[in-house]
Structures are given as structure tokens and as C-alpha cells.
1. So is Q608 modelled with pLDDT of 85 or more and surrounded by fewer than 19 Cβ atoms within 10 Å (Cβ to Cβ) or not?
2. Might you let me know whether the range 170-179 holds any residue that is in contact with a Ser or Thr (Cβ under 9 Å, 6 or more places away or on another chain) and touching a residue at least 40 places away in the same chain (Cβ under 8 Å)?
3. What pairs can you find where one residue is in the range 618-632 and under 14 Å from F587 (Cα atoms), the other is surrounded by 11 or more Cβ atoms within 10 Å (Cβ to Cβ) and of a type in the set (V, I, T), and their Cβ atoms are less than 8 Å apart, with a gap of 6+ or different chains?
4. Right, D280: on the phi < 0 side of the Ramachandran plot, surrounded by 18 or more Cβ atoms within 10 Å (Cβ to Cβ) and among the acidic types (D, E) or not?
5. Just the residues that are in contact (Cβ under 8 Å) with a residue 24 or more places away in the chain and of a type in the set (G, A, S), please, taken from the range 68-102.
6. Considering the range 214-228 alone, what residues qualify as being crowded, with 19+ Cβ neighbours inside 10 Å and either modelled with pLDDT of 90 or more or not polar (S, T, N, Q) (or both)?
7. I'm trying to understand the selection: among the residues of the range 21-39, which are at pLDDT 85 or above and acidic (D, E)?
8. Determine whether the range 233-251 contains at least one residue that is of a type in the set (D, E, K, R), in a strand (DSSP E or B) and either crowded, with 21+ Cβ neighbours inside 10 Å or touching a Ser or Thr at 6+ places or on another chain (Cβ under 7 Å) (or both).
Amino acid sequence: MIDHNDAILPGDAANDDRVLAGAGNDTVYAGLGDDTVWGDLGNDSIFGEAGDDSLIGGEGKDTISGGEGNDTIEGGNDADVLSGGAGNDLVDGGDGDDVITTGPDGLSNYAPDRGYPGLFPGDTDPGNDRDTVYGGGGNDTISTGDDADYVEGGTGNDSIDAGCDDDTVLGGDGNDVIVGAEGSDLIFGGSGNDTIYGGLAPGYPDSLNVPDATDLRPDNGMDTIHGGDGNDVIYGADDNDMLYGDGGDDYIDGGIDNDTIEGGEGNDTLIGGDGDDSIDGGAASDTIDGGAGNDTLIGGEGDDSITGGEGDDSIEGGTGQDTIHAGAGNDIANGGDGDDRIFGEDGDDLLTGGQGQDSLDGGAGNDTLTGGQGVDTLIGGLGSDTFIVGSIDDGNHDFVDGNEDPDNSDWDVLDLSGVGRDHLNIIYTTPDHENGTVQFLDDYGNVTGSMEFRNIEQIVPCFTPGTLVATPKGERLVEELQPGDKVITRDNGIQEIRWAGRRDLNRAELMMAHHLKPVLIRAGALGNGLPERDMMVSPNHRMLVSSERTALYFEEHEVLVAAKHLVDNIGIKPVETLGTSYIHFMFDRHEVVLANGAWTESFQPGDQALGGMGNAQRAEIYELFPELQNHEGRKAYGAARKTLKRHEAQLLMHR
């Protein structure tokens, strides 16, 4: 035992001892002062006790305890047991399978710098136990205490527990097990198959591992972890972590909160867990599961398997033959290059196949599916789905099936607006016009390809209304008609248009105003093959109906009936669209005109019609027809035929 003024050398203060224990299994208690002890040969036991000591074990299996003070401890060769004790210690295990602990009494004393409301206060002295530890060669077991420590495991299969606060850990070579514990740690696994925990070790109760939404301290576990080379296993645990697999086939679990995960090279398994995670698989064939939350998932290169889980996820398959399960929520999924399989599952999903021969299944919900280039198969599943064909190349050889809901309540739409009316020919193969073939045409009308569709309730040929109106020069698109153009009328021959207007409604506006949704009248739905082509009109737009029943019930051979009163849900139905445009044109009097081969009305400026217009359009009409500004003038602009009420129209539909 060395104490007081023993072994004093020139320049040393009182109690600063220098001891060379020599050969043999020595036991040295250095006592007070800043002591220097060399254990030398043998299995020595060295206790630095109080003071800033320098303790060197030398050869043999040594046991060294620094005690209080800022100590420097070197284990030397062989399997040593080293304890830093209280203070900012530097511990180097050297070669051998060492056991190294730091902190008061060699224990990992958990006193986090950041307190947690209601559980414990913050560390009153966050800089009194910042240790630096080098494991060296061998399979070392290292445990540091509180405060921000720096740990290098060195070579060998090391087990490292960094303790609380913001630690930096380098596992080095070998298959290491690293526990970051409490604090926002920076961890590098190094080469080898490492297992890394950003939070506490498995099975250890963690009362602080709660989602940020209810976490009173959301910044005490924001870890950055690099697995390095090798097949690593990484757990992020609490708070917003940044986890990188780097090389090898890694397994990464982000845990709760909003994590950023990158698999890097290798066939990785990446799990986001709870929270809004961002995951990138990187190179090779990865398995990605976003878990709960609104996640952003990228497969990268390789044949990836991606599951969105709960939440509104954004998924990119990248290159390769990917399989994507979007999961619950309103998801966005893009397969990218390669022959991909995409399942929207629950929710209103937006699915895009990208390049390659893709298979898309919307699942439940009102989904939007775009196949992209390649020979694609698009299945709508349950709900009212929209299929978009952006070009002839996108649609050629595709197969589209809207599916039928058990109660026939779905309304599936095939949107060919990207192709253009002049490059399409639609051939229906069933009486209900839900099955058929779309032929794609070149500029000369030659068939260059086709696609097959089933269970499609509506085909949108273009964004413009597309109704053809009879004029002296032949049929013209209604949207092309302007004031001054001449139109054939049923009652008064050729008449000149005095005013034309247009109202555009997007999908959001139509969802807010259900009474404005257009009504689709199938070809032949009015009888006698009329109309000659499908046409969409506003719900209040009136069609001319002529039959024996009109004369029997109303003593009128011809009557006008609003489209909404003709709905039979077979040939005449209200439709869900991405948007619509209502075109109006007006003559000096109310006229009956020929549109898509069927007689229908021109615009009649009644109280309801004028009230639904914008101020600018209404001002235009009043300038042309000043008398319409008063009720008597509007009354004088009478209807061309008797207009049936809803209950009257039902008599015509009764069988």
C-alpha cells in the first residue's frame, strides 16, 4: 500500500506516487495523489483510488480500478478487468478479452444530461464523467457510464453498452453487439456482422420509449447509426433516428417516430415501424415495410418487395421487378422500370406502373391506375376506379378490368384523353357497353394497336365535352361553336347562335356539388337507336322525348324531359368524373337542336339557369337580351316544348 509522501521523485507533489510492481501477482493501492503504477509481469490488482492516476497493467491478467479522478488506464496484453471509476477517464484494454467499465465505482451510473419531466431531473454536472475507451484486440465487454463518452471496440467480437447521453461508438472489426442506450448517439458498427441498438438493450424496461406525440423529451434518443460492412442488425428505437446499413445484407428496424433508413448495398430488410419514415433500399433486392405512419419508401435497384402498411404512403419501386403492397390509406405507388406488381389494397390509391410489363390491382377504394409503357394489366378492384392512358404507347396491348362491386354501385372510368379523339375507335362487345376494345389509329385512320377493357361504365375520350351538333356544314364539336355560327333547328330551320358560354368544373367542385354531376346517356338509351353515340349532359339539360305515351298522358306528341328525370341506372346514369365542362349556346328563341343524332334543347335563360351563372356570363346575356333582366322578359322567352316534372317523367319510364 502506497500513501502519503512515499516514492516521491523530483517534481512530484506530495502523495504523487510512482510504483513499479515488478514480476509476480502484485496488489497495489496507490492512495491519494496523482499516482503512476506499472504492474509489470504477473496478474496484478491495482487500485488508483483518489487522484488523476496513470495505471498500466503490463503482462498478465490484471484487475485495475482507477477510483475517483481523471485516470489513464492501460490493461496491456491478456484478458484484463478495468474500471475507470468516477471522473473523465481514458481506458485502453490492449490485447485480450477485456472487461471495461467506467463511471462511479465502475458502474454505468444513469444520470442523463437531459432530465425527463416527472421521472428524474437532468445531470447537474454533465461534464464530470466523459470517458474515452479503446477496447483494443480481443472480444471485449465495455460499459460506460453517464455523460458523452467515446468508445472504440477495436478488433474482435465486442459487446459495448455506451450508457446514457450522446455517445460516439466505433465497433471496429468483428461481430460486435452495441447498445447506444439513452441519448442521441453516433454509432459505427465497422466491418463484421454487428448487432446495434440505438436505445436500450432488448428486455430492458424503457419507460421513455414513447411516440413523439406524447413524448415529453423527444430529443433524448435521436441516434445516427452506420452498420458498415457485413450483415448487420440495427434497431433505432425511440425518437427520429438516421440508420444506414451500408454494405452487406442488413436488417434495420426504425422503431417508433420518424426515422430515415438507407439499406445501402446488399439484400436488406428494412422496417420503418411507427411514425412517418423515409426508407431507401439502395442497391440489390430489398424487403421494405413502412409500418404505421405516412411513409416515403424507395426500393432502388434490384427486385424489391415493398409494403406500405398503415398510413398515406408514397412508394417508388425503382429499377427491377418489384412487388408493392401499398396497404391501408390513400397511397401513391410507382413501380418504375421493370415488370412490377402493385397492389393498392385499402384506400383511394394512385398507382403507376412505369416502364415494363406491369400488373396493377387497385383493391378496395376509389383508385386511379396508370399502366405506363409496356403491356400492362390493370384491375380496379372494389370501388369506383379511374384508368388513365397517357398515349398510344402506354395503352397498346393493355388489359383493363374495372371489376363489379357486389351491389353494382361502382362507376369505373377509362380516361383516354391523352390519346385524343382522332386516334381512337371504341368497339363495344356487350349491350351494356361496359366491355369492348379500344383501337388506336394513326393520322390516316389506320389501326396501329388496341387494348381490351371490361366492366368499364364510362369512357372519357377527351377533356372537352365532345358532343357533335348538326350544322348546315355537317356535324361540329359543340365546344367549337361560336356566336354567328349557324345550327340546324327542329322548328325554325337554320338559326344563328347569339351567345355561347362554358363552365368548367373540376373533381373537387363536383364532389362538393353533387347536383352538378353530369348524366351519361348511352347510345340507344332514348330508343330508336338514339342518341347515336354516348353523350354527357348536365342534370337539368332537357332531351326531346316523343312516343305514344307522351300523347296519351300529356296530349303532346313531343315533350322535354330533364336528363336527371330520365335516369334509369342502366342506359342513363349520373357519373363520377375527374372534371367536366358544360357548353351552352343560345338563339333568339328557345330551340330544339340535333346533338349526337338526338334532339335536345338549346340554352333557355330562366331564373334558375341565370342564377347559376357567373356575373360575367350573365352580363353578356343581358347586353344581348336586355329584356331578360326582368321577370316578364324571361317569361316571354318560353320553352320550345312542354317540360315534364319528375313524377310525370316517371310515367314514360314505367313498363
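1. Details: modelled with pLDDT of 85 or more: no; surrounded by fewer than 19 Cβ atoms within 10 Å (Cβ to Cβ): yes.
No, not satisfied.
2. For the range 170-179, residues in contact with a Ser or Thr (Cβ under 9 Å, 6 or more places away or on another chain) and touching a residue at least 40 places away in the same chain (Cβ under 8 Å): present.
3. L628/I621
4. Values: on the phi < 0 side of the Ramachandran plot: yes; surrounded by 18 or more Cβ atoms within 10 Å (Cβ to Cβ): yes; among the acidic types (D, E): yes.
Considered against the rule, which asks whether it is on the phi < 0 side of the Ramachandran plot, surrounded by 18 or more Cβ atoms within 10 Å (Cβ to Cβ) and among the acidic types (D, E), D280 comes out as yes.
5. G69, G75, G76, A79, G84, G85, A86, G87, G93, G94, G96
6. Applying the first criterion (crowded, with 19+ Cβ neighbours inside 10 Å) to the range 214-228 yields 217, 220-223, 225-228.
Across the range 214-228, the qualifying residues are R217, G221, M222, D223, I225, H226, G227, G228.
7. Correct list: D34, D35.
8. No: the range 233-251 contains no residue that is of a type in the set (D, E, K, R), in a strand (DSSP E or B) and either crowded, with 21+ Cβ neighbours inside 10 Å or touching a Ser or Thr at 6+ places or on another chain (Cβ under 7 Å) (or both).
The values are calculated or read from the model by the stated rules, or taken from the named source; none is laboratory data. Worth saying up front: this structure is predicted, and the values here are computed from it rather than measured. Every residue, glycine as well, gets a Cβ built from its backbone with ideal geometry; the counts of neighbours run over all protein chains shown.
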